[in-house]
1. Quick check on my filter: what residues within the range 1-38 are of a type in the set (Val, Ile, Thr) and under 14 Å from VAL60 (Cα atoms)?
2. What pairs come up if the first residue lies in the range 55-77 and is closer than 24 Å to SER32 by Cα, the second is surrounded by fewer than 11 Cβ atoms within 10 Å (Cβ to Cβ) and modelled with pLDDT of 80 or more, and their beta carbons are under 7 Å apart, counting only those six or more places apart or on different chains?
3. Residues that are modelled with pLDDT of 85 or more and surrounded by 16 or more Cβ atoms within 10 Å (Cβ to Cβ): which helices (runs of 4 or more DSSP H) entirely in the range 13-97 hold 3 or more of them?
Amino acid sequence: GSVKKATVVARAFVMKPKVLVLDEPTIGLSQSRKDALTAIIHEGRESGQINIVITATDDVAFARKVATKTLEMKNQSLEETEVVQNAFIITHKKASS
């Protein structure tokens, strides 16, 4: 389950990828594991270890936390959508304090 998924993601980071591709990375994860995954992705970006993260997900909250650009599938084509990342993170921080 979630421990196996966390192990797979951890192994991917050990490889120090420049591009990280994740397919539904948050399915079956507890909120604390989702938060840990989000933190790892942010740390990887800030350190320059990861340049690009590509993920397919239905978890809109996760996407807003990690995305700098989003594409949404509509009518069998991809359309760029606006990311309200900063507003979401500020709201999230206020809610947890």
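The values are calculated or read from the model by the stated rules, or taken from the named source; none is laboratory data. Just so you know, these numbers come straight off a predicted model, no measurement behind them. Methodologically, a virtual Cβ is constructed for each residue, glycine included, from the backbone with ideal geometry; neighbour enumeration extends over all protein chains shown.
1. Across the range 1-38, the qualifying residues are THR26, ILE27, THR38.
2. ALA56/ASP23
3. Once the helices (runs of 4 or more DSSP H) in the range 13-97 are filtered for at least 3 residues that are modelled with pLDDT of 85 or more and surrounded by 16 or more Cβ atoms within 10 Å (Cβ to Cβ), what remains is 31-47, 60-66.
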